[in-house]
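The next block holds one structure in the form of structure tokens; read it before the comments.
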Ligand SMILES: [Cu+2]
């Protein structure tokens, strides 16, 4: 085979691969909806605890079917540690870190971003099905990195935080009568 022909084959292969890679990029961003977190703003990283909204981390219902999660990452925990939202709701994560760079990844979903001290990250998500997801830090952040995790609990679509029938309101064990002994005998 002549050198010229070999060259043509390699050139065609190169162009073909470039098209494949570009296609993968377009497919990921437009087909799967993957994109970088919005650039929302910056705050003084030493004043995070006293700067709104991070002075009050938590899960807030902000609309009919809209929730806002104000989250903090620090060595080595997330605040809030448990995030509970209904399926199908629009959930906006607003997050930053207190000390070093941490990661915020909700397993099995596209929620995946870095928590950088003072840099505000904002990510919108909709959890389609009820279930429980592990929330993990995926940026190595020190000796306790492997202990840094939380939980995202996706409730049924009709769940609301005020719902008295919500599972988290129910006690795990039935109440025990005050005069019952461990053997089940009623006090004499
Ligand atoms: Cu970490």
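Values in this text are rule-based calculations from the coordinates and carry no lab data. Being a predicted model, the structure only gives us computed values, none of them experimental. Please note: Cβ atoms are built from the backbone with ideal geometry, for glycine as well, and neighbour counts cover all protein chains shown.
Numbers for the structure displayed
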quantity	calculated
At R0 = 25 Å, FRET efficiency that the Cβ-Cβ distance of residue 129 and residue 50 yields, to 0.05	0.10
Estimated FRET transfer efficiency (residue 99, residue 122; beta-carbon r; R0 22 Å; 0.05)	0.60
Sites residue 29 and residue 87 - FRET efficiency at Förster radius 22 Å, r taken between beta-carbons, to 0.05	0.30
Extension gain, residue 1 back to residue 36 (0.36 nm per residue minus Cα-Cα distance, nm)	7.9 nm
Potential extension, residue 77-residue 21 segment - 0.36 nm per residue separation minus Cα distance	16.5 nm
Span per principal axis, largest first, for the Cα atoms of the stretch 13-127 (Å)	56, 34, 23
Label-point separation, residue 65 to residue 8 (7 Å along Cα→Cβ), nm	5.8 nm
